[in-house]
Amino acid sequence: MQRLDGGASIPSHLANGIVALGNFDGFHLGHQAVVARAIAWARAEGRPALVATFDPHPVRHFRPDTAPFRLTTLDQRERLFAEAGADAMVVFHFDGDLAALTAEEFIAQRLEDNLRVGGVVTGEDFTFGKGKAGTVHTLASRGPVHGFRAETVGAVALNGETVSSTRIRDALRRGDMATATRLLTRPFAIEGVVQHGDKLGRTIGYPTANLDMGNYLRPAYGIYAATGRLDDGRVLKGAANLGIRPSFDPPKELLEPYFFDFSEDLYGRRVEVSLVEYLRPEAKFDSLEALTTQMDSDCARARAILGSSPSLKGEGVGGGSVGWLMSVPASSRPTPGPLPSREGSRSHHSNYAPV
């Protein structure tokens, strides 16, 4: 799978291809229908199949103060496009120069000159060019002048409602992971590099990996049943806390997954965490004992949901759990330090390499 710059000339072996054109953030059922049509067309005529996306999202360019709303990163989209059968991903860097192109200029410069397209497939609501002046009708009428045909794929409906990124974002904000998963065809996933934390979680047997939320949409704060895909392809099961971490200045949102039956060092490694089911909102606890009792319950529920057999806890991946620990009074929180010994401890400690 090749990643190409939409502002440069395409390699000759990918010229005359069929291009699925859109933002495709989330790559939900509607996006998949557009890309599937482009790939089917390409295969039928023996042409390359490409998917073209925009990054950053045009909304980020025109309204830079907009709250984070991304459903996928470029890396995630590239993997999803490859799995769908595309030969290459084209990235149009959305900046002032691209925004200033008229619809006709975008067709002539980007689609004809740079990509040398043989065909273009879009969703029915696709717009492009300065002032969103270009529509699917523009592509259909002007395409033949520039040597290509254009097709449009209608909206996809599920349970009587149109599938859209907006509908998915609304579901995630409500903690309705079942709806989001149906529309995406997979759980919403956050990918990032594991950071160092305050290492408080390991003192109570729940060491976590700490992931910055970056430009991702913020789903409902709380506790989730989750899975984690490591950079070597392994998939882990666990529970994750998503919320504000007050120890940072200014405070920041952080995703803190705790993986069951896992003892390796993940610091500096890339992990993709899928939020499978929302268990409960954030809560305050009067004591550390009350917190750990609730965490035991959360993990038991997550294991049942994910089909993971129970085992002794504390074999996690890092030293976070700040989101959980900040739910108890400061006087009740443990002090970070050496991990408790296995002998006489109520839980096993983590075997990850301390850093």
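Exactly one of (1) assigned to a helix (DSSP H, G or I); (2) small (G, A, S); (3) over 21 Å from R186 (Cα atoms) is unmet by A36. Its number?
Of everything listed in (1) assigned to a helix (DSSP H, G or I); (2) small (G, A, S); (3) over 21 Å from R186 (Cα atoms), A36 misses just condition (3).
Test L101 against the stated conditions and say whether it is in contact with a Leu (Cβ under 7 Å, 6 or more places away or on another chain) and of a type in the set (A, V, I, L, M). Steps first, please.
Values: in contact with a Leu (Cβ under 7 Å, 6 or more places away or on another chain): no; of a type in the set (A, V, I, L, M): yes.
So L101 does not fit the description; no.
Taking the conditions exactly as written (open to solvent by less than 40 Å² (accessible area, probe 1.4 Å), in contact with a helix residue (DSSP H, G or I) (Cβ under 9 Å, 6 or more places away or on another chain), part of a helix (DSSP H, G or I) and within 25 Å of S274 (Cα to Cα)), does R182 satisfy them or not? Steps first, answer last, please.
Working: open to solvent by less than 40 Å² (accessible area, probe 1.4 Å): no; in contact with a helix residue (DSSP H, G or I) (Cβ under 9 Å, 6 or more places away or on another chain): yes; part of a helix (DSSP H, G or I): yes; within 25 Å of S274 (Cα to Cα): yes.
Against the criterion (open to solvent by less than 40 Å² (accessible area, probe 1.4 Å), in contact with a helix residue (DSSP H, G or I) (Cβ under 9 Å, 6 or more places away or on another chain), part of a helix (DSSP H, G or I) and within 25 Å of S274 (Cα to Cα)), R182 does not qualify.
Among (1) outside any helix (DSSP H, G or I); (2) surrounded by fewer than 17 Cβ atoms within 10 Å (Cβ to Cβ), there is one condition N23 misses while meeting the rest; what is its number?
With (1) outside any helix (DSSP H, G or I); (2) surrounded by fewer than 17 Cβ atoms within 10 Å (Cβ to Cβ) applied to N23, the lone miss is (2).
In the range 62-109, what residues are closer than 23 Å to R173 by Cβ and either surrounded by 15 or more Cβ atoms within 10 Å (Cβ to Cβ) or among the basic types (K, R) (or both)?
Within the range 62-109, R63, F69, R70, L71, T72, T73, Q76, R77, L80 meet the criteria.
Starting from the range 183-197, take each residue that is under 17 Å from N241 (Cβ atoms) and list its partners that are assigned to a loop (DSSP other than H, G, I, E, B), counting only C-beta distances under 6 angstrom and pairs at least six apart or across chains.
Correct list of pairs: V194/A209; V194/L266; V194/Y267; V194/R269; G197/G319; G197/G320.
Which of the residues belonging to the range 38-61 are surrounded by fewer than 17 Cβ atoms within 10 Å (Cβ to Cβ) and at pLDDT 95 or above?
A40, R43, A44, E45, G46
Kindly evaluate L236 against the criterion of being out of contact with any helix residue (DSSP H, G or I) (no Cβ under 7 Å at 6 or more places or on another chain), open to solvent by less than 10 Å² (accessible area, probe 1.4 Å) and farther than 25 Å from R174 by Cβ. Lay out the reasoning, then the answer.
Numbers: out of contact with any helix residue (DSSP H, G or I) (no Cβ under 7 Å at 6 or more places or on another chain): yes; open to solvent by less than 10 Å² (accessible area, probe 1.4 Å): no; farther than 25 Å from R174 by Cβ: yes.
The answer is no for L236.
Six or more apart or on different chains, Cβ under 9 Å: which pairs go from a residue in the range 52-79 that's in a helix (DSSP H, G or I) to one that's hydroxyl-bearing (S, T, Y) and surrounded by fewer than 15 Cβ atoms within 10 Å (Cβ to Cβ)? Could you list them?
From the range 52-79, the pairs are V59/T66; R60/T66.
Please work out which one of (1) modelled with pLDDT under 95; (2) surrounded by 15 or more Cβ atoms within 10 Å (Cβ to Cβ) is the condition D176 fails and give its number.
Looking at each condition in turn, D176 falls short on (1).
If you scan the range 1-39, which residues turn out to be in contact with a Pro (Cβ under 9 Å, 6 or more places away or on another chain) and on the phi > 0 side of the Ramachandran plot?
N16
Only one residue in Y216, Y221, Y206 is over 25 Å from Q32 (Cβ atoms), among the hydroxyl-bearing types (S, T, Y) and at pLDDT 95 or above, so which one is that?
Values: Y216 fails: over 25 Å from Q32 (Cβ atoms); Y206 fails: at pLDDT 95 or above.
Y221 is the lone residue from the list that is over 25 Å from Q32 (Cβ atoms), among the hydroxyl-bearing types (S, T, Y) and at pLDDT 95 or above.
If Q195 passes every condition in (1) under 19 Å from V276 (Cβ atoms); (2) modelled with pLDDT under 95 but one, which one does it miss?
Evaluating Q195 over (1) under 19 Å from V276 (Cβ atoms); (2) modelled with pLDDT under 95 leaves (1) as the failure.
Whether any residue in the range 241-253 is β-branched (V, I, T), open to solvent by 10 Å² or more (accessible area, probe 1.4 Å) and either assigned to a loop (DSSP other than H, G, I, E, B) or more than 21 Å from T181 (Cα to Cα) (or both) is what I want to check.
Checking the range 241-253: at least one residue is β-branched (V, I, T), open to solvent by 10 Å² or more (accessible area, probe 1.4 Å) and either assigned to a loop (DSSP other than H, G, I, E, B) or more than 21 Å from T181 (Cα to Cα) (or both).
Which residue is nearest to I18 (Cα to Cα), if the candidates are limited to the range 80-121 and must be of a type in the set (G, A, S) and assigned to a loop (DSSP other than H, G, I, E, B)? Working first, answer last.
Within the range 80-121, the first condition is being of a type in the set (G, A, S), and the residues that meet it are 82, 84-86, 88, 96, 99-100, 103, 108, 118-119.
Cutting the leftovers down to assigned to a loop (DSSP other than H, G, I, E, B) gives us 85-86, 118.
Numbers: G85: 13, A86: 10, G118: 6 Å.
Going through the qualifying residues, I end up with G118.
In this structure, does P219 turn out to be of a type outside the set (V, I, T), buried (at least 18 other Cβ atoms within 10 Å of the Cβ), in a loop (DSSP other than H, G, I, E, B) and under 14 Å from the mean Cα position of the chain (by Cα)?
Working: of a type outside the set (V, I, T): yes; buried (at least 18 other Cβ atoms within 10 Å of the Cβ): yes; in a loop (DSSP other than H, G, I, E, B): yes; under 14 Å from the mean Cα position of the chain (by Cα): yes.
Criteria met by P219.
The values are calculated or read from the model by the stated rules, or taken from the named source; none is laboratory data. Since the structure is predicted, the reported quantities are computational estimates derived from the model, not experimental observations. Every residue, glycine as well, gets a Cβ built from its backbone with ideal geometry; the counts of neighbours run over all protein chains shown. What goes into the accessible areas is simple: the full protein's heavy atoms, side chains included, and nothing from ligands, DNA or RNA. Shrake-Rupley method; radii C 1.70, N 1.55, O 1.52, S 1.80 Å.
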